[in-house]
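So that we are looking at the same thing, I have put the structure below in structure tokens.
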Amino acid sequence: MLPVYRFRDGFSTLRKNDEMIETCANLLHTGKCLLVFGEGNHNDQLSLRPLQKGFARIAVAAEEKNNWKLGVKIVPVGLQYDSHGDFRSRVLVSFGTPFLVNQIANPSKTLQENIDSLIKTTADSFDPLILHINPDRV
């Protein structure tokens, strides 16, 4: 488990994320897998929250480190709990179609364009995997 530092943790802690991203990129380089919760938070909302950029930064860093030839895949996984607040609730785990990072992001784009593209592609891939309930209608 590796920490991700947020602005609310203090501005000076944000620089520690560079080390965490480098560590994760090295793990991917050696063939390891990572589990990342892309929303970066949790609550009782029954819809996908905006994805944060950490997972995309890790994926881009790993590909850049390997001249965009590593073949990092993102596998979207949807989790749907039978009763979110109950201990030992049943959970439905749905695996989406994996996609290659270097087919979405590439060296001809800026870092921000790559991050935005990966976030959008990943968010779109969650649609068939999770239940969406508009919080304004509950």
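What whole number of Å gives the distance from the Cα centroid of the stretch 87-122 to the Cα centroid of the stretch 6-25?
20 Å
If I take R0 = 30 Å and measure r between the Cβ atoms of Phe95 and Phe11 in this structure, what FRET efficiency does the formula 1/(1 + (r/R0)^6) give, to the nearest 0.05? Walk me through the intermediate numbers first.
Values: r = 37 Å, r/R0 = 1.25.
Once the sixth-power term is evaluated, E becomes 0.20.
Another one. Check the chain and count each lysine pair with an alpha-carbon distance under 23 angstrom, considering only pairs eight or more places apart or from different chains.
20
How would you classify the stretch 1-53 from its alpha-carbon gyration tensor, with a ≥ b ≥ c the square roots of the eigenvalues: rounded for a/c under 1.5, else prolate if a/b is greater than b/c, otherwise oblate?
Note, shape of the stretch 1-53 comes out oblate.
With the Cα gyration tensor of the stretch 52-94 giving a ≥ b ≥ c as the square roots of its eigenvalues, does the rule (a/c under 1.5 for rounded; else a/b larger than b/c for prolate; else oblate) give rounded, prolate or oblate?
Prolate, because a/c is 1.5 or more and a/b exceeds b/c.
Then there is this: Find out how many positive minus negative residues lie around Gly96, taking Lys and Arg as positive, Asp and Glu as negative, among other residues whose Cβ is under 14 Å from that of Gly96.
Surrounding charge for Gly96 is -1.
When only C-alpha pairs under 8 Å and at least 6 residues apart count, what is the relative contact order of the chain, in percent?
It comes to 24 percent, rounded to a whole number.
What 222 nm value per residue comes from the helices of the chain, counting each DSSP H run with n ≥ 4 as -39,500 (n - 2.57) and dividing by all residues, nearest 500 deg cm²/dmol?
Values: 3 runs with 42 residues, N = 138.
After summing the helix terms and dividing by the residues of the chain, the value is -10000 deg cm²/dmol.
Coordinate-derived values only; no laboratory data. All of these numbers come straight from a predicted model, not from anything done at the bench. All Cβ positions, even for glycine, are placed from backbone atoms using ideal geometry, and neighbour counts span all protein chains on display.
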